1. With the requirement that a residue be of a type in the set (A, V, I, L, M) and more than 6 Å from the ligand (Cβ to nearest atom), what does segment 206-227 give you?
2. Just give me the residues in segment 507-536 being at positive phi and either among the charged types (D, E, K, R) or in contact (Cβ under 8 Å) with a residue 12 or more places away in the chain (or both), in sequence order.
3. Return yes when TYR566 is surrounded by 14 or more Cβ atoms within 10 Å (Cβ to Cβ) and either part of a loop (DSSP other than H, G, I, E, B) or on the phi > 0 side of the Ramachandran plot (or both) and no when it is not.
4. For the subset of segment 23-43 comprising residues that are surrounded by 14 or more Cβ atoms within 10 Å (Cβ to Cβ) and at pLDDT 75 or above, which member is farthest from the chain's Cα centre (by Cα)?
5. From ASN352, ASN331, grab the single residue that is surrounded by fewer than 16 Cβ atoms within 10 Å (Cβ to Cβ) and within 14 Å of the ligand (Cβ to nearest atom).
6. Go through (1) modelled with pLDDT of 70 or more; (2) within 30 Å of ASP249 (Cβ to Cβ) for GLU4 and report which single condition fails.
7. Of everything in segment 473-506 that's touching a residue at least 24 places away in the same chain (Cβ under 8 Å) and of a type in the set (Ser, Thr, Tyr), which residue is nearest to PHE598 (Cα to Cα)?
8. Checking LYS345 against (1) free of Cβ contacts under 8 Å to residues at least 40 places away in the same chain; (2) part of a helix (DSSP H, G or I); (3) of a type in the set (D, E, K, R), which test does it fail?
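The values are calculated or read from the model by the stated rules, or taken from the named source; none is laboratory data. On a predicted model such as this, the values are computed, not experimentally measured, just so you know. Note that each Cβ is placed from the backbone with ideal geometry, even for glycine, and that neighbours are counted across all protein chains shown.
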Amino acid sequence: MMNEIKEPRKPLIYYYLIVFLAIMLFNALLMPIIAERQIKEVDYSTFMQMVEEGKVDKAEVSETENSILFSDHDEAVYRTGMIQDPDLIERLTGAGVSFTGEIIQQASPILSFLLTWVLPFVILGLIGRAVSKKVAQQAGGGKNALSFGESNARVYVPSEEGIRFSDVAGVDEAKESLAEIVDYLHNPERYREVGAKMPKGVLLVGPPGTGKTMLAKALAGEAKVPFFSISGSEFVQMFVGMGAHKVRDLFNQAKKKAPCIVFIDEIDAIGQSRSGRLSTNDEREQTLNQLLTEMDGFEDSTGVIILAATNRPESLDPALLRPGRFDRRVNVELPDLQGREAILKVHASKVNTDPNINYTQVARMASGASGADLANIINEGALCAVREGRKIVTQEDLEESIEVVIAGQIKKNAIMTEKEKRIVAYHEIGHALVAAEQTHTAPVQKITIVPRTSGALGYTMQVQEEDRYLLSKTELENHIATLTGGRAAEELIFGSITTGASNDIEKATEIARSMVTRYGMDENFGMVALEKQDSQYLGGGSTTTCSAETQKHIDKAVVNIIREQYDKAFNILSENRTKLEELADHLFEKETITGEEFMEILEAE
Ligand code: ADP
């Protein structure tokens with residue numbers, strides 16, 4: 001782990017000054033009142049009576065204040081007004097009262113010193129600490145919200161057990177790129193000899209959870225240099241100019257600690273392109289300008305290397321990306337099959353696992369999962385083992401946890417009617433049968449009609465034998481046919497349709513639409529881009545780049561593609577109707593069947 005070291009705070013001289021003034025005020029105004037309260041006022045006759053009864057121990061006659069302070073044997077202090085009494089001294093002497101000219105001390109000098117000077121300091125100090133802690137907590141991350149403009153970069157000093165490149169699996173290209181920087185930090189002369197300069201900035205680009213932050217930490221761990229980590233959003237401040245100040249402060253700190261690595265996570269928070277904004281945001285713009293200036297400002301030899309991560313590279317300002325600033329771009333993509341297997345193994349090594357686990361199989365099932373997803377799958381598997389009271393994690397645990405990640409937990413007491421269950425069984429077998437009959441689609445791994453908490457009443461898990469980078473038009477069409485297979489089976493068998501296909505419809509439409517607008521797979525449009533994806537790594541929407549007239553045609557083309565595939569699926573199912581019924585009955589009985597069982601029944605004569 002990395003050890004976090006906080007920057008020492010600046011001396012809070014003002015804070016102490018305020019405390020000091022408060023204590024002065026306290027002593028000047030409050031203490032006399034408190035002291036006053038402890039003196040009991042009595043009348044002169046009571047005083048006389050007490051003297052006669054021998055109750056008075058000491059007395060202090062104050063002519064100036066025209067009063068007598070006296071105490072009894074229990075140390076209680078009284079005061080009385082003085083009247084002209086020529087026999088007073090005689091009487092006091094007679095009663096054995098010791099009377100002096102000094103004021104009677106109400107408490108020992110040490111105690112009163114402690115009470116008036118030390119205690120207030122302690123109390124105010126404690127309150128001050130508690131308040132500043134609270135403020136810091138609210139500001140998040142142990143920062144002091146009152147220190148406007150200071151960069152809150154946390155400094156990590158890599159310890160021996162810090163994150164290393166070996167902990168980050170499956171992103172070999174990215175690691176290679178960063179390993180060069182480690183080498184530079186260790187042997188700068190080698191590079192200087194040739195005249196080679198290190199990139200000032202490295203931009204890590206990729207979908208969320210692929211290990212960008214981890215790579216940055218591993219780089220610091222390998223290079224054994226200080227590591228400043230700050231999130232882009234921390235630069236966005238309420239007051240104009242504060243963000244820029246923070247940037248300046250961060251770079252000043254970094255230069256003092258060089259060689260070091262500065263890591264700015266989510267840099268798109270400040271690095272967004274300045275053009276094309278609807279509203280101007282002066283603060284953000286100033287911060288970005290300051291960052292640009294700072295990056296230009298330092299020499300190559302200072303040894304400060306800036307790393308930044310983003311999952312929205314398209315939104316970054318071009319000025320930030322030009323050589324001399326972030327001149328190296330490292331793509332950290334979703335891991336492929338081998339990568340997934342490696343990541344699973346890295347995380348599995350931290351838990352007790354069954355040595356017979358087939359990680360390739362698990363990795364195959366988790367297609368499209370990011371590093372963070374895979375870490376989560378291992379953890380869910382471990383939790384599953386604990387739940388069942390086992391000490392080791394098995395293959396089944398991991399498979400179950402993939403399903404949990406995909407479809408949510410098993411719903412314990414969901415009650416489906418017989419009729420509904422039968423419809424779901426036909427629906428799922430419809431998908432699987434259409435998939436199996438089209439040679440190009442991936443084999444079915446598992447079919448289940450156990451309801452899940454995500455709302456899925458059943459699902460068919462398909463597993464790709466290998467990762468696919470290119471998909472042909474036929475493959476996409478087959479995929480759409482498979483998606484429509486569920487609804488087609490319902491219609492074929494029951495003659496009516498249900499709401500169960502909404503998710504399939506969504507997915508099929510998305511594929512068909514992309515085929516027309518982005519992959520140029522429609523004869524009428526050809527290779528024309530009709531839509532632009534908004535964010536490469538975050539999924540989400542797309543923007544049409546065509547006229548309303550053309551959009552009408554697009555919609556029509558999409559409908560045609562899906563209708564065609566639906567008809568194809570319907571035909572496949574009606575040709576194999578007996579198999580469909582046999583398989584659906586089997587699934588209805590058993591609720592979960594594996595891919596092998598499915599194929600056995602399908603291929604049996
Ligand atoms: P990002 O910054 O890209 O969003 P992180 O680096 O924060 O992702 O990764 C989140 C978590 O996912 C890490 O703490 C780690 O457990 C896991 N993880 C992600 N990618 C990998 C990888 N390539 N190898 C090992 N673990 C990974």
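1. Within segment 206-227, LEU215, ALA216, ALA218, LEU219, ALA220, ALA223, VAL225 meet the criteria.
2. Across segment 507-536, there are no qualifying residues.
3. no
4. In this case the residue turns out to be VAL42.
5. The conditions single out ASN331.
6. All conditions are met except number (1).
7. Applying the filter and picking the extreme gives THR482.
8. (1)
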